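These notes are about the structure you will find just below.
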Amino acid sequence: MDDHEADEQGRTAGHVRRGTATGDGAALQLIELRRRYGDRAALDGLSFAVPAGQVFGFLGPNGAGKTTAMRAIVGVMALDGGEVRWRGAPVDDEARRAFGYMPEERGLYPGMTVSEQLEYLGRLYGMSSAGARESALRWTDRLGVADKRPAKIETLSQGNQQRIQLAAALVHDPDLLVLDEPFAGLDPAGVDEMSAVLAERAAEGATVLFSSHQLDLVQDLCEAVAIIHRGRLVAEGSLDELRGGGEPRLSVRVAGDLEGLWTHDLPAAVRVAGVKAGTVSVVLAPGADTQLVLDVARAAGGVEHFSVDRRRLSDVFREAVSGRLDEAGPTGGGPADSDGGGERP
Amino acid sequence: MTGWLTTLWLVAARELRQGMRARSFRVVTVLLVAAVAAAVLIPAALKGHRTVDKVGVVGAAGPAATATVHIASRITGTTVQVVPFGSLAAAEAQLREGNLAAVLVPGRAVLIARTPSAGSPASGSSLSGALALAGGLASGSGAAPGGSLPVRGLSPPLTALSVRLTGLAVSIAIYIIILIYGSRITVGVSEEKSSRVIEVLLAAVRPSQLLYGKVLGLGILALSQALAILVTFVVLGSLVGSSLIHSASLQVVAVGALWIVVGYAFYCTAYAAAGSLVSKPSDAYNASLPVQLPLIVSYIITFTVLYGDTVPGFYWFLAYFPPTAPISMTVLVAVGVAHPWQVALSVLLCLAATVLMAWIASRVYARGILHGGSRLRWRQALRKDG
């Protein structure tokens, strides 16, 4: 696919789209990925690109195809069509040795100790015995589970198992981290710890792609996201672009007007989205003048608060997904990310 | 290729390490070795309690005959007592009742209760053999080639039965080892699948490396256990001069050892494929049943051949049919009807089938191992598109 085709695809999605599969500086490119399970399309021509050295959020409702795409990236699952490229070249076994993967369905050998498990995985990724041992020590230190090294996996708490699972993805110091719901089931302290580790890895040059339903967390942690639905990309871009896009929103509070009665004088191009404790949220149609809203508010009384609101990521997500829901035909749809039957996507 | 093999060995070494660490492996190995040691040592020990071997001498037990018996006693290191008999019939009667170890008929023959087998020691270490040798020299009759007196048994040789029993024991060993380690492979694969570790592993290694590494590791474990049993049998048997150790039985044991290796190679990948079809270890038995059915059938039929007078024609087919050959061909060797070239042909056929089985099993494994939800049927796995 050339740039023109990629841009065309971006426009047809009808949402903010940048940095398509052939985007400049992209470390990881997903190009027209297709995968069907019987009659269901889990991936339906999915394309997007992940820039190098970023923490990149991969979002979508349940069954959107995130897990299928991540499995395809790490080579656990074969595709019906399309291609995954890493640093401009098709992904092969050698390239995959630079990938670290944390599956949604966590799993390690229950009867092996933490040290053995991490060293074993390090060796499978091509590390020397000494290198794997040193790395296992380093990551268990970093993740606060040094005292668990001699313990069998099955004896650890869920939180500690999750930390070990992350260590297993990190043990060979991969250049690309693919993490499927890494924060699920973690307590707030665990979330902070894992967020810090991911940010550190990105700062050191690694590319981090992770999926999550915790949109506030994604908003805090990521520089850019891709949102998919029914196996297709519905929005992609930096958080600044995505949150700044769409119809402008304002928050205005006029002294003494708890019900927002001053809004009755607003022109039709300005829609009231809600009133909360006297603060009115208004949405401006394209071309509507922000200054006009301020003038109307001033005319009604003293303006205590006036701000231009950026959309929350959750708003962007809902908008992107609901748009696709409206568009989706009867043949769309793939299996759930954690499917209950059939082949795991 | 080197990297591929290195990874394969890493997987195999993990299986080996974990397997040897398992308490069940250590306990079973100790029990099996102890059982074999007991089977060899107890008869020898009981034999050792018989401090005096009585040797009947027919006719006047003159100084020459007595000297012959004592020479044989010194050769074999046994203590003997000479019992004179007036008639051959009286001596044979006592021999039949087990009161005598042997009867010397000076210048003519040495009689024992049962005709010695073709493969058993006829001279030197056995008292009857030593009597025959010393008696032959004393008489100077040249009654037999080499100057020895002939050794005759009152009853037909027990050889066939003892070798057949060895064949039965070896068949049981083949059956148990393939069944135990095959089941371990099935359960191990299904555990990797159910514990979800498989997805982490497959991100680092290819399914074929995981499959062959696992069967190699567990195969080494199985063979080390079989080797421990074999070494115990041969070494202890030789040390105590067990009657179980003679060439015909050793031949059956050697063929059995060969078939343990070839049979395991044939079945192991199929057991792994069976494990990949189920999502929980509790379903592993049902999935592996079709794999082990030929083994069970050939094991059951074994008894009819080992205890029968003739070998049915269809049994020859089973001896060449790869899934049943490991047990069936071993049985044919034990009953003494299979020639070496027939064993070699059967092994070659089984090895060729092993390559085919590995190819089919690796396809099923690669498809089944990431399949979630309900159990995948063999037919579904074989038919499933890419």
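If you scale each eigenvalue of the Cα gyration tensor by 5 and take the root, what three semi-axes come out for the range A:148-211, rounded to whole angstrom and sorted largest first?
Working: eigenvalues 85, 38, 20 Å².
Calculated on Cα positions only, the semi-axes equal 21, 14, 10 Å.
Which angle from 0 to 90°, rounded to the nearest 10, does the C-alpha axis of helix B:23-49 make with the longest principal axis of chain B?
Result, in degrees: 10.
Could you rank B:321, B:233 by how accessible they are, 1.4 Å probe, largest area first?
Working: B:321 85, B:233 35 Å².
The most accessible residue leads, giving B:321, B:233.
Let me see the P(r) profile for the protein assembly as shown: every Cα-Cα distance counted, bins of 10 Å, each bin given as a percent of all pairs.
Reading upward from the zero bin: 3, 12, 16, 16, 13, 10, 9, 7, 5, 4, 3, 1, 1, 1, 0.
How far is it, in nm, from the label point at residue A:303 to the one at residue A:138 when both lie 7 Å from their Cα along the line to the Cβ?
The answer from the label model is 5.5 nm.
With every protein chain present, what is the per residue accessible area of chain A (1.4 Å probe, Å²)? All intermediate terms of the calculation are to be shown ahead of the outcome.
Working: 14150 Å² over 345 residues.
Using a 1.4 Å probe on heavy atoms only, each residue of chain A averages 41 Å².
Can you order the peptides B:184-190, B:252-258 by their average number of other Cβ atoms within 10 Å per residue, highest first? All intermediate terms of the calculation are to be shown ahead of the outcome.
On the way: B:184-190: 25.7, B:252-258: 20.9.
With the highest mean Cβ count within 10 Å placed first, the list reads B:184-190, B:252-258.
Quick one: compute the contact order of the range A:110-172, relative version, from alpha carbon pairs under 8 angstrom and 6+ residues apart, as a percent. Walk me through the numbers on the way to the answer.
Numbers: 71 pairs, mean separation 30.6, N = 63.
For the range A:110-172, the relative contact order is 49 percent.
Using only the alpha-carbon atoms, how far is helix A:129-142 inclined from the longest principal axis of chain A? Give it as 0 to 90 degrees, nearest 10.
Here the helix axis deviates by roughly 40 degrees.
Based on the Cβ-Cβ distance of residue B:300 and residue B:155, what FRET efficiency does E = 1/(1 + (r/R0)^6) give at R0 = 35 Å, to the nearest 0.05?
Working: r = 31 Å, r/R0 = 0.88.
Computed FRET efficiency for residue B:300 and residue B:155: 0.70.
Please give the direction-averaged projected area of the C-alpha convex hull for chain A, in square nanometres with one decimal.
Working: hull surface 81.5 nm².
Projected over every direction and averaged, the Cα hull of chain A covers 20.4 nm².
Using a cut-off of 12 Å between beta-carbons, work out the net charge of the residues near residue A:176 (Lys and Arg +1, Asp and Glu -1, residue A:176 not included). Please report the intermediate quantities before stating the final value.
On the way: positive: A:85, A:87, A:96, A:97, A:201; negative: A:173, A:175.
Charge balance near residue A:176 sits at +3.
Which net charge results for the neighbourhood of residue A:89, defined as the other residues with beta-carbon distances under 15 angstrom from its beta-carbon, given Lys and Arg at +1 and Asp and Glu at -1?
Working: positive: A:85, A:87, A:96, A:97; negative: A:83, A:92, A:93, A:94, A:175.
Residues close to residue A:89 contribute a combined charge of -1.
What ranking of A:249, A:36, A:87 comes out by heavy-atom accessible area, probe 1.4 Å, highest first? Numbers along the way, then the final one.
On the way: A:249 75, A:36 115, A:87 145 Å².
From most exposed to least exposed: A:87, A:36, A:249.
Fully extended, how many nm does the chain gain between residue B:30 and residue B:96 (0.36 nm per residue separation, minus their Cα-Cα distance)? Walk me through the intermediate numbers first.
On the way: separation 66, 0.36 × 66 = 23.76 nm, distance 3.94 nm.
Answer, rounded to one decimal: 19.8 nm.
Given points 7 Å out from each Cα along the Cα-Cβ axis, report the residue A:314 to residue A:223 separation in nanometres with one decimal.
2.7 nm
Counting alpha carbon pairs within less than 8 Å and at least 6 residues apart, what relative contact order, in whole percent, applies to chain B?
18 percent
Estimate for me the total accessible surface buried between chains A and B (protein heavy atoms, probe 1.4 Å, no ligands or nucleic acids), in Å² to the nearest 100. It would help to have the intermediate numbers written out before the result.
On the way: alone 15430 and 18640 Å², together 31440 Å².
What A and B bury together is about 2600 Å².
Let me check the size of chain B from its C-alpha atoms; what are the radius of gyration and Dmax in Å?
27.4, 90
On a 0 to 90° scale, report how tilted helix B:207-239 is relative to the longest principal axis of chain B, with both axes built from alpha carbons and the result rounded to the nearest 10.
10 degrees
Within the range B:82-109, name every residue whose backbone N is under 16 Å away from a label modeled 7 Å from Cα of residue B:64 along the Cβ vector.
Of the residues in the range B:82-109, B:104-109 have backbone N under 16 Å from the label point off residue B:64.
Quick check for me: using +1 on Lys/Arg Cβ and -1 on Asp/Glu Cβ, what's the dipole size of the range B:154-293 about its Cα centre, in debye to the nearest 20?
Working: 7 positive and 4 negative charges, 12 e Å.
So the magnitude is around 60 debye.
Taking the Cα-to-Cβ direction at residue B:9 and at residue B:348 and moving 7 Å from each Cα, how far apart do the two end points lie in nm?
3.2 nm
Counting only C-alpha contacts under 8 Å and six or more residues apart, can you give the relative contact order of chain A as a whole percent? Let's see the in-between values first.
On the way: 680 pairs, mean separation 80.4, N = 345.
Relative contact order for chain A comes out at 23 percent.
Can you list the residues of the range B:179-204 that have at least 30 square angstrom less accessible area with all protein chains present than in their chain by itself, probe 1.4 Å?
Buried by the other chains: B:195, B:196, B:197, B:199, B:200, B:201, B:203, B:204.
Just to verify a number: what accessible area does residue B:304 come out at with the full protein assembly present, 1.4 Å probe, Å² rounded to tens?
Surface open to solvent at residue B:304 totals about 90 Å².
Between residue A:199 and residue A:240, take the C-beta separation as r, use R0 = 22 Å, and let me know the FRET efficiency to the nearest 0.05. Intermediate results must be reported in sequence, preceding the final value.
On the way: r = 17 Å, r/R0 = 0.79.
Plugging the Cβ-Cβ distance into 1/(1 + (r/R0)^6) gives 0.80.
Just the number please: accessible area per residue for chain B, 1.4 Å probe, all protein chains included, in Å². It would help to have the intermediate numbers written out before the result.
On the way: 17290 Å² over 386 residues.
Per residue, chain B has 45 Å² of solvent-accessible surface.
How much net charge surrounds residue B:213 when only the other residues with a Cβ under 13 Å from the Cβ of residue B:213 are counted, with Lys and Arg +1 and Asp and Glu -1?
Local charge sum for residue B:213: +3.
Taking amide H positions as placed in the peptide plane 1.01 Å from N, state which residues far from residue B:54 in sequence (5 or more) or on other chains have amide H under 5 Å from it.
Close amide H contacts, sequence-distant or interchain: B:81, B:101.
How much mean residue ellipticity at 222 nm does the protein assembly as shown get from its helices, if each DSSP H run of length 4 or more adds -39500 (n - 2.57) and you divide by all residues, to the nearest 500 deg cm²/dmol? All intermediate terms of the calculation are to be shown ahead of the outcome.
Working: 25 runs with 382 residues, N = 731.
Result for the protein assembly as shown, helices only: -17000 deg cm²/dmol.
Of A:66/A:148; A:152/B:280; A:66/A:276; A:152/B:214; A:66/B:214, which pairs sit farther than 26 Å apart, going by alpha carbon to alpha carbon? Intermediate values should be presented prior to the final figure.
Values: A:66/A:148 32 Å; A:152/B:280 21 Å; A:66/A:276 36 Å; A:152/B:214 21 Å; A:66/B:214 31 Å.
A:66/A:148; A:66/A:276; A:66/B:214, as the Cα separations exceed 26 Å there.
The values are calculated or read from the model by the stated rules, or taken from the named source; none is laboratory data. Since we're looking at a predicted model, the values are computed, not measured. For neighbour counting, all protein chains shown are included, and Cβ atoms are generated from backbone atoms with ideal geometry for every residue, glycine included. For accessibility, only protein heavy atoms count, side chains too; no ligands or nucleic acids. Shrake-Rupley method; radii C 1.70, N 1.55, O 1.52, S 1.80 Å.
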